[in-house]
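Remarks on the structure that follows.
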């Protein structure tokens, strides 16, 4: 599943390349049964779309080295939209990184395609969990000044 800030009219070439490489590195995966799901956060809603790679898309994505927005040879025939059934009953489980952090949207500098991690069975932390965005919480301790040095900057209506 790939999250994106807005809905695109087609599967991005970066998604085709990434999915083809994942398929080529995992020979036991069946390309006919493995899909890419895009999750687009549109105003007031969320849109899900499922795609599978065509044989030509798999070959193109596996050999593509151009990381630009419009790589040479990319075509809409490299993927097909597939049906997706949403249900309130799921048979399955979540596998999350053992460290607990799975969302690197707020700390992209810590993510690398080559990073190694272990997974465990657990429920994933919510998208905006504080562990996913430590920089947002980094300076909160400055408000708790045990020595009272910075108290002149704060008004206390009850003092």
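The values are calculated or read from the model by the stated rules, or taken from the named source; none is laboratory data. Model, not experiment: these values are computed from the prediction. Using ideal geometry, Cβ is built from the backbone for each residue, glycine included, and neighbour counts are taken over all protein chains shown.
Structural remarks
- If only residues of segment 42-72 that are surrounded by fewer than 12 Cβ atoms within 10 Å (Cβ to Cβ) and part of a loop (DSSP other than H, G, I, E, B) are counted, the one that is farthest from the chain's Cα centre (by Cα) is 72.
- Residues of segment 78-124 that turn out to be free of Cβ contacts under 8 Å to residues at least 60 places away in the same chain, surrounded by 10 or more Cβ atoms within 10 Å (Cβ to Cβ) and part of a helix (DSSP H, G or I), as a count: 1
- Residue 98 under 21 Å from the mean Cα position of the chain (by Cα) and in the same structural domain as residue 118 (by TED's automatic domain parsing): yes
- Residues (in contact with a strand residue (DSSP E or B) (Cβ under 8 Å, 6 or more places away or on another chain) and at pLDDT below 90) located in segment 32-48: 41
- For segment 82-125, the candidate set comprises residues that are in contact with a strand residue (DSSP E or B) (Cβ under 6 Å, 6 or more places away or on another chain) and under 28 Å from residue 63 (Cβ atoms); within that set, the residue that is modelled with the lowest pLDDT is 117.
- Within segment 22-41, the set of residues being surrounded by fewer than 16 Cβ atoms within 10 Å (Cβ to Cβ) and either within 19 Å of the chain's Cα centre (by Cα) or assigned by TED's automatic domain parsing to the domain that holds residue 114 (or both) comprises 22, 34, 37, 39, 41.
- Qualifying residue in segment 6-13 (condition: outside any loop (DSSP other than H, G, I, E, B), surrounded by 12 or more Cβ atoms within 10 Å (Cβ to Cβ) and on the phi < 0 side of the Ramachandran plot): yes
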